[in-house]
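Data block below; observations after.
Bear in mind that the values in this text are calculations on the coordinates, not laboratory data. These figures come from a predicted structure and were not determined experimentally. Here the Cβ positions follow ideal geometry from the backbone for every residue, glycine too, while neighbour counts run over all protein chains shown.
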Amino acid sequence: MSERLKIWGLALLKKIHPAKTAGLLLDFIYPENLYCSCCGDAIDRKTRIHSLCDKCIKKITWVSDNPYESSMDDMAFDELYTCCIYGYYPRQMIQKLKFGEGRYLAKPLGKLMAERVLLSFGGDREKLKKSYDLVSFVPMAKEKQSGRGYNQAKLLAKSMAKELDLPMEDLLEKPKETPSMRLADKYERRTMLKGAFKVKKTAELKGKKVLLADDVLTTGSTANEAAMELKKAGCSFVGIAVFASGNGPR
Ligand SMILES: [Zn+2]
């Protein structure tokens, strides 16, 4: 197993041997990261781990399988890769990423997503490249994006694509903002999202295998609608990669 996959080994280990995990954390050293992407503390050279300090890495519930496995028949996407459960700390990280001061987090979080995807291919990049042609992302409505200045899903996709050495393409658009879905259930969300995404005219997608990035997946309705649109345009396989997800279908 490559060094880069150890964090997911950690997720597996936590299930079978919790006491060993703390010691193993010290093995995950990455020289490039200076600050923890969760608490913002400077990270000591000896404890640089996936841009997370060793305290924060233990607070996050890392995931090495697909928590939505039982509802995949109900989804238009074929595969889901999630790094962690959307608990308190990942929520703080995503908030930072979305609202200005944490825009730089897209790079380390996108890398984590790439590693999570690679884990599913046993770390074999060539195998992964046979399964995916390109990386894309869930779009934001224009108005919302111009207010924020960027789409965090696009930044994550860029970082992930670079890490996986796959091309990144801007395939989808969201012609208008959908109403807030915070209180809607899965079925209401699906109705509200119908037709929310359009494939860009320039996209040539017949037979393409697409890895679509987003920051978070909860009910899966957004990813489902985006994947459905890509399938309608001829994509043969759509995988969804997110930084955080719920812990199962709801
Ligand atoms: Zn930290």
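Observations on the structure shown:
- Rounded to the nearest 20 debye, dipole of the stretch 69-206 from Cβ charges on Lys, Arg, Asp, Glu: 640
- Likely footprinting exposure, CYS56, CYS39, fewest C-beta neighbours within 10 Å first: CYS39, CYS56
- Alpha-carbon geometry of the stretch 60-245: the Rg and the Dmax are 15.2, 42 Å, given in that order.
- Reported to the nearest whole Å, the Cα centre-to-centre distance from the stretch 141-197 to the stretch 205-239 is 11.
- Going from the residue with the fewest nearby Cβ atoms within 10 Å to the one with the most, PHE121, PHE197 rank PHE121, PHE197.
- A simple spin-label model places the labels of SER71 and LYS194 1.9 nm from each other, with each point 7 Å out along Cα-to-Cβ.
- Using R0 = 41 Å, the C-beta based FRET efficiency linking LYS201 and ASP44 works out to 0.25.
- Loop GluC sites (Glu not before Pro), the stretch 39-140, which have at most 13 other Cβ atoms in a 10 Å radius of their Cβ (DSSP): GLU101
- Net +/- balance of residues flanking CYS83 in space, Cβ distance below 11 Å, scoring K and R +1, D and E -1: 0
- Treating r as the C-beta distance of TYR104 and GLU126 and R0 as 22 Å, the FRET efficiency rounds to 0.10.
- Panel order for SER146, SER221, SER136, by other beta carbons found within 10 Å of each beta carbon, from fewest to most: SER146, SER221, SER136.
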